[in-house]
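**Student:** What follows is a single structure, and I will ask about it in a moment.
The values are calculated or read from the model by the stated rules, or taken from the named source; none is laboratory data. Predicted model only: the values in this text are computed from it and were never measured. We place every Cβ from the backbone using ideal geometry, glycine too, and count neighbours over all the protein chains shown. In case anyone asks, the SASA skips ligands and DNA or RNA and just uses the protein heavy atoms, side chains included. Shrake-Rupley method; radii C 1.70, N 1.55, O 1.52, S 1.80 Å.
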Amino acid sequence: MRIDAALIERRLDELYAIGAQPDGGAYRPLYGAAWAAAGERVERWMKDAGLKTYRDAVGNIWGRAGGDGKSIVTGSHIDTVRHGGRLDGALGIVAGLTAVESLRKAKGKPRRPLEVVAICEEEGSRFATSFWGSRAIIGAIDKPDAEIAAAMRERGLDPTTIASAARDDIDTFVELHIEQGRVLESARTPLAVVSAIVGTAHLEVTVTGQPDHAGTTPMDLRRDALAGAAAMVQAVESIAKSLGKPAVATVGKLNVEPAQINVVPGTVVFTVDLRHADLGGRRALEERIRSLCGTISEERRLGLAIRTLQEKAPVAMHAEVRALLARAAKDCGVQATDMVSGAGHDAQILAARCKVGMLFVPSIGGRSHCPEEATSPEHLLLGTKVLTKSLELLAY
């Protein structure tokens, strides 16, 4: 089946130009002008491909080819982070549409409904709304706050009708995405079938000591909150390394008070991002970090408070869909590897309502969420071919 590689590249370029930033990258925030322009472009492509289009209550854009029964859906999110790259989200939309176009030209009307979706938001880069589009699809949004509601009205959307975006007629969702890391590139592997999306926990750790004069307080009499926090940060890294893959832990933010060059730090607040593909593994990682931070605080006579900011359970991809994706890859002449996704994706939300599966293609240098985000044209084409074969197996 012929896939137009030049068309994939051209569409990716067109989307990337929408919301382009003077200092690099693109920014298409939910319900913003660039977001709206990108949606119009995608909807026009869908119509040109002969798909029946509609927008749901939150602004997800759907393009549908006929058939009977529950739908087979592919796509991804249309929003970006600030200074985002060319492929995150956009690849899933472009490849999905290209795949459906190719199938309809070669095989005609699908046996089952086949849909492409441009999900309105996944990144949480404008409002505190991560997975807004997919959460609406599974009926997990009650009502928006005033700021989001106002932004919806500016785009002609009625925030009182959000419940109507929920779908119970989707059988399977399949998404092609860049890896956003360097595992595939390092292994020189062109394609992966995702086995699971990691569970996450975000912790806020507050370490309390005593601010004192930096010159007059002997080292043995200090209760230095920053020195204690530094030991904890090192412990976080050591614990994750000792548990091995796929456990990861990151300290991403750290605030020091009173933050003066000649004062022993009295309070430090830092965050910890914990991820693991297994819920038991993620909990073990968290428990060990909490325990060792507690030991360090006691040894250094420091106060310690650990607060959970958020947590999400790991989500396994559907076994039948994983097997089908591996078969599609083999039919396309490639042996796909299995891997765990360390980043979150809409599939983990949609899994509550339908069968889900994901394909990853390599990211050059592991770069993502930045202007340097890139994947080789041959890997983009391969991923689209395997996605096309997967949709054929599911819908025809």
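**Student:** Being in contact with an Asp or Glu (Cβ under 6 Å, 6 or more places away or on another chain), buried (at least 22 other Cβ atoms within 10 Å of the Cβ) and of a type outside the set (D, E, K, R) is the requirement here; does G92 meet it?
**Tutor:** Yes: the conditions hold for G92.
**Student:** If we keep just the residues of the stretch 293-328 that are assigned to a strand (DSSP E or B) and over 30 Å from A227 (Cβ atoms), which is least open to solvent (accessible area, probe 1.4 Å)?
**Tutor:** Top of the filtered list is V315.
**Student:** If Q180 meets every condition in (1) in a loop (DSSP other than H, G, I, E, B); (2) under 30 Å from K330 (Cα atoms); (3) open to solvent by less than 30 Å² (accessible area, probe 1.4 Å) apart from one, which number is that one?
**Tutor:** (3)
**Student:** If you take the residues in the stretch 240-254 that are out of contact with any strand residue (DSSP E or B) (no Cβ under 7 Å at 6 or more places or on another chain) and part of a helix (DSSP H, G or I), which one is surrounded by the most Cβ atoms within 10 Å (Cβ to Cβ)?
**Tutor:** My answer is L243.
**Student:** Do we find a residue being open to solvent by 10 Å² or more (accessible area, probe 1.4 Å) and within 16 Å of the chain's Cα centre (by Cα) anywhere in the stretch 69-82?
**Tutor:** yes
Every residue, every condition in (1) assigned to a helix (DSSP H, G or I); (2) among the aliphatic types (A, V, I, L, M); (3) within 30 Å of D145 (Cβ to Cβ); (4) open to solvent by 20 Å² or more (accessible area, probe 1.4 Å), yes or no:
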{"position": "A38", "(1), (2), (3), (4)": "yes, yes, yes, no"}
{"position": "V42", "(1), (2), (3), (4)": "yes, yes, yes, no"}
{"position": "M46", "(1), (2), (3), (4)": "yes, yes, no, no"}
{"position": "Y54", "(1), (2), (3), (4)": "no, no, yes, yes"}
{"position": "V58", "(1), (2), (3), (4)": "no, yes, yes, no"}
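**Student:** Please indicate, with yes or no, whether at least one residue in the stretch 101-116 is acidic (D, E) and either open to solvent by 40 Å² or more (accessible area, probe 1.4 Å) or assigned to a loop (DSSP other than H, G, I, E, B) (or both).
**Tutor:** Taking every residue of the stretch 101-116 in turn, none turns out to be acidic (D, E) and either open to solvent by 40 Å² or more (accessible area, probe 1.4 Å) or assigned to a loop (DSSP other than H, G, I, E, B) (or both).
**Student:** If the requirement is being among the aliphatic types (A, V, I, L, M) and surrounded by fewer than 20 Cβ atoms within 10 Å (Cβ to Cβ), which of these qualifies: A187, A192?
**Tutor:** A187
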